[in-house]
Amino acid sequence: MEEYIQCAVGEEATLSKTIRDEEIKAFAEISGDKNPLHLDEDYARSTRFGGRIAHGMLVASLISSVLGTKLPGPGAIYLSQELRFLAPVRPGERVTARVKVTQWDRTKAHVTLSTEVVNEEGKPVISGQAKLLVDNCKRIRQ
């Protein structure tokens, strides 16, 4: 059964996940980004970060997951995504991606959302904004 998306300004959705070492290694293989800052503890210890950190785009992909599965949900297509990387995420750290509707244009089927990922202390590690096209202004009820 389908339902019309309301996309009411202020509507929110979240997703929490622990960034595991195995996922960092898999992301390096998939993306080709084998920067030793992500993969080599000895190297990473000698940097300003004092140890390994997750790829920023791996952490940012949680935003895409929320947008594609929760709000607006299945059928939504990215038009743009702005990202600001504010703090590193380390292997084993739990983060929460949060999206919030800030604008809804039903005539164009465009929705704009603030996007953010925070760590367990609630400190933002990524912030930005996404604009999506919502296919036929509908989503599948989950």
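Bear in mind these aren't lab numbers, they're just calculated from the coordinates by the rules spelled out. Small disclaimer: the values here were computed from a predicted structure and weren't measured. Here the Cβ is made from the backbone with ideal geometry for all residues, glycine too, and neighbour counts use every protein chain on show.
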At most 15 other Cβ within 10 Å, DSSP loop - trypsin sites (Lys or Arg not before Pro), segment 82-124: ARG106, LYS108
14 Å reach of a label modelled at ARG94, 7 Å along Cα-to-Cβ, counting backbone N of segment 106-131: 118-123
Length-normalised contact order of the chain in % [C-alpha pairs under 8 Å, at least 6 apart]: 31 percent
At most 15 other Cβ within 10 Å, DSSP loop - GluC sites (Glu not before Pro), segment 46-142: GLU120, GLU121
Computed E for ALA26/SER114 - FRET, C-beta separation, R0 25 angstrom, nearest 0.05: 0.30
Chymotrypsin sites (Phe, Trp or Tyr not before Pro) within segment 1-91, DSSP loop, no more than 13 other Cβ atoms inside 10 Å: PHE49
Sequence-distant lysines (8 or more away, or on other chains) whose Cα lies within less than 26 Å of LYS108: LYS70, LYS100, LYS131, LYS138
Gain in span if fully extended, ALA8 to LYS34, counting 0.36 nm per residue against the direct Cα distance: 5.3 nm
Lys, Arg +1 and Asp, Glu -1 on Cβ, resulting dipole of the chain about Cα centre, debye, nearest 20: 280 debye
Local net charge near ARG45, Cβ-Cβ under 13 Å (Lys/Arg +1, Asp/Glu -1): 0
